[in-house]
């Protein structure tokens, strides 16, 4: 009986460890941020490198990659263009030309 309990505990620990490792594999970037130059932009990160930008009623599909505290946004329709944002804290992204853009996580 004791050996069975030990095996069950080890199995549970393995499941928890695998779950933690798999969640660490994602880019961790999800959620909606609002801001921009006129405070009218909405950036939504869907995870796995996909994002949406909404401005003045227009929606654009973006791709992104995370490199440390940097988020590099790419518009697949405009090759060679990249907007780099920096995670200032858990709820704030800054960047753009001369750092004038700021996006806050929507609560």
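Annotations for the structure displayed:
- Relative contact order of region 29-105, pairs being alpha-carbon contacts under 8 Å that are 6 or more residues apart, as %: 23 percent
- Three principal axis lengths of region 29-105 [C-alpha, angstrom, descending]: 29, 28, 24
- Inter-label distance, residue 88 to residue 67: 2.2 nm, where each label sits 7 Å from its Cα along the C-beta direction.
Every number in this text was worked out from the coordinates using simple rules, so none of it is lab data. The shown structure was predicted, so the numbers you read here are calculated from the model rather than taken from an experiment. Cβ sites come from the backbone with ideal geometry, for glycine too, and all protein chains shown count toward neighbours.
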